[in-house]
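The values are calculated or read from the model by the stated rules, or taken from the named source; none is laboratory data. Quick caveat, the model's predicted, so the values are computed rather than measured. Note: ideal-geometry Cβ built from the backbone for every residue, glycine included; neighbour counts use all protein chains shown. The area values use the complete protein model at the heavy-atom level, side chains included, leaving out ligands, DNA and RNA. Shrake-Rupley method; radii C 1.70, N 1.55, O 1.52, S 1.80 Å.
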Amino acid sequence: MASGFCNTCSQLLKEFADHLRSAWRELEIKIKDAFREIGRCNCFRISSERRTAFDLPSLRLNCDNETQLLSQESLQTLNKLATSENTDLQMTSAMYYLHLSHHLNCPLPDAFMEPIVALLLSSDLDVQKTVSLALVNLLIKNNVCKELVIEMGMLVPIIELFRSGDPTAQCHSCACVAMLASSESNRDSLMVDGIIPLLALAKSFDPKVQRNATWALLHLTQSDWSTRLLCQAGAIPVLLLLLQSSDSEVQFYSCTALCNIAAIHEHHPRLLRIGGHYLSRSLLTLMSSPVKKNSAQACRCLQTLSKNVLIQDQLMELDCVLPLKALLKTSTSVWIESALTLLSSLSAHPSNTDILVSEGLLEEIGQVLHHPRSNSVIVTYSCKIITDLCTSHVGEQAVMESLCLPGLLCALVSNTLSDETLLHVTSCLHHLMACDVLRTKLSATITSEKVSGLVKLSEQIRNSQLAYNSAAIISELEMTEEMIRLLKPHYTSISKYLLGFLKKKDVKFQQLGVVTIFNLKKDGDFSSLTNSELKVQLLKVHAQTEETRQLLQMIQPLSPSPVNSGLSQ
């Protein structure tokens, strides 16, 4: 042999080499099997995932760069960590989303929603609490589409958190539902499984859970269909109890929800079914709250319900005027408007007049008319209340002793009131002029500025009824020496609008023109200062009236006796 080995040694070496190759193949297979098993083990996978987790931008010096936060690399890492079986790594992903929810100022790409679904389905409650808080933040900032949250099936695990028994988890999940319910298209999905657990959480002893659950219920009362289902599920007694919560936000949410329910008349029987004036009493108690937004909201709810006669009777029995007067004294116009709206509903019923007057309401209305933030709504409702209450001697005397007349006169020259509001003001003043003592007071207190304002409103042509009301007030002013002095500078303007009245085909304008001329002629200078055209037109009206009278006399025998009697008068 070339190797120099003998046959025996060569054979032994050959057998050894064969044996070595066979052993190596077996070792190779065993090594591969071992590494395959190691690769399948969580220990090896977690080590890899942990190395991956350190690539997340959020772990790099609290990064808030949106480009890095929303990179494709970040998305791949989030998907790996969210689907990991290790809860620590799931928490890393959840914390990333929480960080993202604080720093993101643009819409979250749809692809980034997938890991959120996986994290909500985690078996670890802390992970669920963290990611649900992140989702609340993203919903509040409109970083995610509410409809997409429902479409991706997140509602089921969110509602499951209601049953977790953990106040923090319940708080976050209720907030999620509240935000989702703010979208009308989502309410149908929420109503299927969400009502009963929400009502249960609204009775929670944890104030934050109760607040968010009530907030969610409020959003569900913003459509007729969901409101109907809520009422059928027993929401009204729960909401009524929540009016007495120690949390002012819970009070506001529950009261607003009841206000939405009360706006639909079909629910009134359910609202009134609870005995002992409980609804009226609870809302009146809330109306006395030092938290004025709650007080005003209770007032709005009562105003909506006040269309029901039973509620009105209950309110008067429960002395509702005191808290309403307190609202009138606030500095916020919206709250004053709420109180006046309810008082206007109450004053429209004659049976309430004496009580409202005796409670000093007209005195408060006079103060309101002088309020620096008085607006069209405030003035309009004030006029309605004054007109309603000034129907008796007691009411007239109360107006005399209040600031109502000066307030109405100030409104006449306001630059901020619309013609519609001025129509209410002049109508109210004209109504008050029917009372002798009020007419005398108005004539004695009206100033040159107010007289000028009345004349301008009388001669404007954009609103004929406003012109009529204003001219009617002038026609009834007592022609004292002072009044003549105030009116004399306006005789030319007055003559001009009176000529227009006499030319109108509407008899009431003609009659008003005649009455005004008759009153102004008490000043001898008026006739000399008026133009001849006015006199000619007055003669025409007189001739038409005489012709009408003669015609009526001719047909009088043909008329039944009651009509004859009326015509002769």
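What longest range of the chain stays clear of loop-exposed chymotrypsin sites (Phe, Trp or Tyr not before Pro) (DSSP non-H/G/I/E/B, at most 16 other C-beta within 10 angstrom)? Intermediate values should be presented prior to the final figure.
Numbers: sites that count: Phe5, Phe54, Phe205.
Here the longest segment lacking exposed loop sites spans 206-569.
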If the label point sits 7 Å along Cα→Cβ of Ser248, residues of the range 284-328 with amide N under 16 Å come out as 286-299, 327
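Tell me the carbon and sulfur percent of the accessible area for the chain, rounded to whole percent, probe radius 1.4 Å. Walk me through the numbers before you get to the answer.
On the way: 15580 of 28050 Å².
Carbon plus sulfur share of accessible area: 56 percent.
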For the range 247-383, the Kirkwood Rh over every pair of distinct alpha carbons, in Å, works out to 15.0
One checks the Cα atoms of the range 125-257 and finds Rg and Dmax, in Å, of 13.5, 38
In nm, the gap between the two label points placed 7 Å beyond Cα toward Cβ at Ala543 and Phe16 is 15.4
One finds the C-alpha centres of the range 332-385 and the range 252-296 to be spaced, in Å, by 21
Candidate cut points under trypsin sites (Lys or Arg not before Pro) in the range 413-491, DSSP loop plus at most 12 other Cβ atoms within 10 Å of their own Cβ, are Arg462
The answer for the per residue Cα convex hull volume of the range 407-469, in Å³, is 76
Between the Cα axis of helix 125-140 and the main Cα principal axis of the chain, the angle (0 to 90°, nearest 10) is 40
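Once the other residues with Cβ under 12 Å from the Cβ of Leu139 are scored (Lys, Arg +1; Asp, Glu -1), what is the net sum?
Numbers: positive: Lys141, Lys146; negative: Glu147.
Every neighbour counted, the sum reads +1.
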If one compares the long axis through the Cα atoms of helix 72-82 with the longest principal axis of the Cα atoms of the chain, the angle in degrees, nearest 10, works out at 80
XL table Lys329/Lys450; Lys141/Lys292; Lys496/Lys535; Lys325/Lys450; Lys30/Lys80; Lys129/Lys208; Cα-Cα > 20 Å flagged, in table order, is Lys329/Lys450; Lys141/Lys292; Lys325/Lys450; Lys30/Lys80
The answer for the per residue Cα convex hull volume of the range 151-227, in Å³, is 73
If every Lys and Arg gets +1 and every Asp and Glu gets -1 at its Cβ, then about the Cα centre the range 181-322 yields a dipole, in debye to the nearest 20, of 140
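Full extension from Lys441 to Asn308: what is 0.36 nm times the residue separation minus their Cα-Cα distance, to one decimal in nm?
Working: separation 133, 0.36 × 133 = 47.88 nm, distance 3.81 nm.
Additional length available on full extension: 44.1 nm.
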Relative to the chain, whose Cα atoms define the longest principal axis, helix 464-475 and its Cα axis are tilted in degrees, nearest 10, by 40
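Tally Lys/Arg at +1 and Asp/Glu at -1 over every other residue whose Cβ is under 12 Å from the Cβ of Gln465; what's the total? The partial results should precede the final answer.
Values: positive: Arg462, Lys508; negative: Asp419, Glu420, Asp506.
Counting the neighbours of Gln465, the net charge comes to -1.
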Among Leu486, Thr341, Met287, the residue whose Cα sits farthest towards the positive end of the charge dipole of the chain (+1 at Cβ of Lys and Arg, -1 at Cβ of Asp and Glu, taken about the Cα centre) is Leu486
Pseudo-spin-label distance Ser71 to Ser331, built 7 Å along Cα→Cβ, given in nm, is 5.4
Short to long, in 10 Å steps from zero, the percent of alpha-carbon pairs of the range 63-118 per bin is 24, 61, 15, 0
Given a Förster distance of 25 Å, the FRET efficiency implied by the Cβ-Cβ spacing of Lys488 and Lys508, rounded to the nearest 0.05, works out to 0.40
Per the Cα gyration tensor, the chain corresponds to an equivalent ellipsoid with semi-axes, largest first in Å, of 86, 27, 21
Residues other than Glu160 with Cβ under 15 Å of its Cβ, Lys/Arg counted +1 and Asp/Glu -1, net out at -1
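Which FRET efficiency value, to the nearest 0.05, is calculated for Val394 and Ile274 with the Förster distance at 41 angstrom and r the Cβ-Cβ distance?
Values: r = 36 Å, r/R0 = 0.88.
That gives a FRET efficiency of 0.70.
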Ser448 and Arg228 label points (each 7 Å along its Cα→Cβ direction) are spaced in nm at 6.6
One finds, for Ala200 and Arg462 with R0 = 41 angstrom and r their Cβ-Cβ distance, a FRET efficiency to the nearest 0.05 of 0.10
